[in-house]
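Encoded as structure tokens, the structure appears first; notes follow it.
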Amino acid sequence: MTNTIGAFLALDGIALLYARTGALNLAQIGRALGSNVDGLVVVAFLFVTVGFLVKAAVVPFHLWLADAHAVAPTPFVYCFRA
């Protein structure tokens, strides 16, 4: 569920950027915006950033990640003597 919310936020942010600039390429978006950054662009980049951070489970968006890695057993190396 949380991963879906992250994908939704990223997709909404990309859609807002596309609606404002008409481009998906970051170089074209930069040229289209120039130095005219308004609130919608800030919110769009915030949505994209938060969406990808949630999907990657980066701190502080890691609370949904399972504890499987934290409690995994230590690998045991077998040593055989001849």
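How many percent of the accessible area of the range 1-59 is carbon or sulfur, using a 1.4 Å probe? List each step's numbers first, then the result.
Details: 2650 of 3820 Å².
For the range 1-59, the apolar C and S fraction of the accessible surface comes to 69 percent.
Taking R0 as 22 Å, what FRET efficiency do you get between Ala27 and Met1 from their Cβ-Cβ distance, rounded to the nearest 0.05? Efficiency computed from Cβ-Cβ geometry: 0.05.
Computed from phi, the 3J(HN,Hα) profile of the range 33-47 under the Karplus parametrisation 6.51, -1.76, 1.60 (θ = phi - 60°) reads 7, x, 9, 8, 9, 10, x, 5, 5, 5, 5, 4, 5, 5, 4 Hz, with x in place of Gly and Pro.
The values are calculated or read from the model by the stated rules, or taken from the named source; none is laboratory data. Given the structure is predicted, the values throughout are model-derived calculations rather than measurements. No Cβ is skipped: glycine too gets one built from the backbone with ideal geometry, and neighbour counts run over all protein chains shown. With ligands, DNA and RNA removed, areas are computed over all heavy atoms of the protein, side chains included. Shrake-Rupley method; radii C 1.70, N 1.55, O 1.52, S 1.80 Å.
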